[in-house]
Amino acid sequence: MTSKPAIPRHIAIVMDGNGRWAKARRRPRSFGHNAGRKAVREVVEGCLREGVEALTLFAFSSENWRRPEEEVGALMALFVRALDKETEELHAQGVRLRFVGDLAAFDEPLRERMQAAMTRTADNSKLHLNIAVNYGGRWDIVQAAQRAAVAVARGELHAGAIDEAALSERMCLAELPPLDLFIRTGGECRLSNFLLWQAAYAELHFTDTLWPDFDQASLHQAIEDFGRRERRYGRTGEQIASDKG
Ligand code: FPP
């Protein structure tokens, strides 16, 4: 009897390689980001097809503000265009859209659009699509610690009761399935401060494919790779085999 291959419930992606993709075509970096937007559409379709419950994309890190002003401006304009164009279709497909990160840094019109898209899609549950913007994994841990400190100060939480669960429930994405699969495109093999806490037991999949070339077949390949991994959570291979018994 062959059992169905495991499908990751929650996938996160560092979408790297837009700049190199554009450079290879002698075009500006913004051309690559724009092509990257089409790849976002591809993976959303792929996740809906494969039955993935949550997809979290790293669209703008807290470090990306250091890029040339022109590129930051082009990315912001791209986010606005994408929101205006995609929200209704995502809604029709049953996708719940959420932005995670320190949103206070964005200007008012963009923040309003983000909020409107979140409100519009809030009752959907077919796929939870989280766009991480001005996000950093260390920031996420710090803000969870600050929330716990506030709860202690208010007398709602005992300092001695701050454990992993107490911090986990104060992190971004706490209410979603645990992160199963962490993908990074573009050939680098690092986490770059994305979902540090949530990735503790995630399977890592690194590919040389540049983000604009990442399509549904690439996603399927990553999911197949995930299906071949043995997830032991500190136990031995023999223990896992005897459980499956
Ligand atoms: C990294 O590639 C990519 C980014 C910093 C931006 C990601 C943004 C998108 C894919 C745009 C679409 C997103 C949404 C949510 C609409 P890089 O520029 O670092 O590439 P390089 O390593 O080749 O220079």
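Values quoted throughout were computed directly from the atomic coordinates according to the rules given, and no laboratory measurement underlies them. Every value quoted in this text rests on a predicted model; they were computed, and no experiment measured them. FYI the Cβ positions are ideal-geometry reconstructions off the backbone, even for glycines, and counts take in every protein chain you see.
Here are the numbers for the structure shown:
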item: All-pairs alpha carbon distance profile, the chain, 10 Å steps from 0, percent; result: 7, 28, 35, 21, 8, 1
item: Gain in span if fully extended, residue 228 to residue 78, counting 0.36 nm per residue against the direct Cα distance; result: 50.3 nm
item: Lysine pairs with alpha-carbon atoms under 25 Å apart, the chain, spacing 8 or more or separate chains; result: 6
item: Top of 187, 137, 234 by mean-square fluctuation, Gaussian network on the chain, Cα under 10 Å; result: 234
item: Residue (of 46, 78, 127) at the positive-pole extreme of the chain, dipole from beta-carbon charges; result: 78
item: Alpha-carbon Rg/Rh ratio, for the stretch 1-147, with Rh computed the Kirkwood way; result: 0.99
item: Extension reserve of the residue 239-residue 147 stretch, reckoned as 0.36 nm per residue once the Cα distance is removed; result: 29.3 nm
item: Estimated inter-spin distance, residue 64 and residue 158, nm [label 7 Å along Cα→Cβ]; result: 4.3 nm
